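Worksheet: one structure, shown below.
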Amino acid sequence: MPEKLEQLYEGKAKKVYRTTDPDLFMVDYKDDATAFNGAKKGTIQNKGVLNNRISAVFFKLLEEKGIPTHFVELVSDREMLVKSLKIILIEVIVRNIAAGSLAKRLGLPEGTPMSRPVLEFYYKDDKLGDPMINEYHIRALDLATPEQIDTIKDIALKVNDILLEYLSDKKIDLVDFKLEFGLHKGQVVLGDEISPDTCRFWDRDTREKLDKDRFRRDLGSVEEAYEEVFRRLTGKSSDQK
Ligand code: UDP
């Protein structure tokens, strides 16, 4: 097991460390929560532990289905070992049901099913508030090559198919989610996290929100919602080993 060295980066929800293996980074998941581009700040008890474990479940599933991800292994409650990535400055959002900014922008009632998945790109830049961009902007800003854009779109839509099928068994509707990608030894690899921070999960029967919207909209029972997602994925509670 490579040793954790100095911190390279601290984001809103995670810290990234260099390790003694130059091909591997260590990610440390925090309990800090932010929304509205950092305007709302708070803590969700145990979120780091839950998101670390939930992301690991999804990354393992995706790897099994042939999707290249940065996940290597879980190291502790809050830490996972990942492949070192040079992050691509694009956030990719896939949507199956209208919610959040899409519902607002297109005037669709939240909960309207999309007749086919919608894929969006955003420029990963906190100072600009992550503006929406298209493939022309990506090319003009040299954020990715046409081949990399094609790979990213292909992976994002495959991830959607895999997660939709998997979550269907757990009685969870996958409303939308955000993915980030990076380059590892020249290959496009899925990075970041897949968790209730970055996905909208609704209970199929009650339509109860099981994700960060509980924090964004002050709905209460935020930790309980994340715990419920973990329980549905694994059949366990997060204090069980
Ligand atoms: N999302 C994210 N990080 C962002 C923006 C969005 O993880 O910086 C996720 C969000 O949790 C949701 C999906 O991407 O699952 C679509 O988000 P939307 O564009 O509706 O933005 P929001 O209304 O959540 O700000």
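The values are calculated or read from the model by the stated rules, or taken from the named source; none is laboratory data. Bear in mind the structure is a predicted one, so any value in this text is a computation, not a measurement. FYI the Cβ positions are ideal-geometry reconstructions off the backbone, even for glycines, and counts take in every protein chain you see. These area figures cover heavy atoms from the full protein model, side chains too; ligands, DNA and RNA do not enter into them. Shrake-Rupley method; radii C 1.70, N 1.55, O 1.52, S 1.80 Å.
Quick one: if you stick a label point 7 Å off each Cα along the C-beta vector at R207 and D21, how many nm between them?
With each label placed 7 Å out from Cα toward Cβ, I get 4.7 nm.
May I ask you to give the solvent-accessible area per residue for region 130-241, in square angstrom, as obtained with a 1.4 angstrom probe?
47
Hey, any idea what Rg/Rh is for region 107-204, computing Rh the Kirkwood way over Cα pairs?
Value, to two decimals: 0.98.
Using a 1.4 Å probe on the protein heavy atoms, what percent of the accessible area of region 1-139 belongs to carbon and sulfur?
Summing carbon and sulfur atoms, their accessible area is 53 percent of the total for region 1-139.
Return an integer: the convex hull volume of the alpha-carbon atoms of region 18-126, in Å³ per residue.
About 151 Å³ per residue, rounded to a whole number.
T234 to D32: FRET efficiency via 1/(1 + (r/R0)^6), r the Cβ-Cβ distance, R0 25 Å, to the nearest 0.05?
According to the calculation, E is roughly 0.55.
Find out how many positive minus negative residues lie around R139, taking Lys and Arg as positive, Asp and Glu as negative, among other residues whose Cβ is under 13 Å from that of R139.
Within the 13 Å Cβ shell, the charges total -4.
Report the semi-axes of the equivalent ellipsoid for region 44-87 in whole Å, largest first, where each axis is √(5λ) for an eigenvalue λ of the Cα gyration tensor.
19, 12, 9
Among I162, Q148, F177, which residue has its Cα furthest toward the positive end of the charge dipole of the chain, with +1 on Lys/Arg Cβ and -1 on Asp/Glu Cβ?
Checked the options; the winner is F177.
What relative contact order, as a whole-number percentage, does region 2-111 give when Cα pairs under 8 Å and 6 or more residues apart are counted?
After rounding, I find 18 percent.
How much length would be gained if the chain were fully extended between K4 and L119, taking 0.36 nm per residue of separation minus their Cα-Cα distance, in nm to one decimal?
Result for the pair: 37.8 nm of gain on full extension.
Size of the chain along its principal axes in angstrom, Cα-based, largest extent first?
Over the chain, Cα extents along the principal axes are 48, 48, 37 Å.
For the pair K153 and Q45, what calculated FRET efficiency results from E = 1/(1 + (r/R0)^6), where r is the Cβ-Cβ distance and R0 = 45 Å, to the nearest 0.05?
That gives a FRET efficiency of 0.75.
Given a Förster distance of 51 Å, report the FRET efficiency between D77 and A140 from their Cβ-Cβ distance, rounded to the nearest 0.05.
In this case the efficiency is close to 0.75.
Counting only heavy atoms of the protein chains, get the accessible area per residue of region 1-117 (1.4 Å probe) and round it to a whole Å² value.
48
How much net charge surrounds E6 when only other residues with a Cβ under 13 Å from its Cβ are counted (Lys, Arg +1; Asp, Glu -1)?
0
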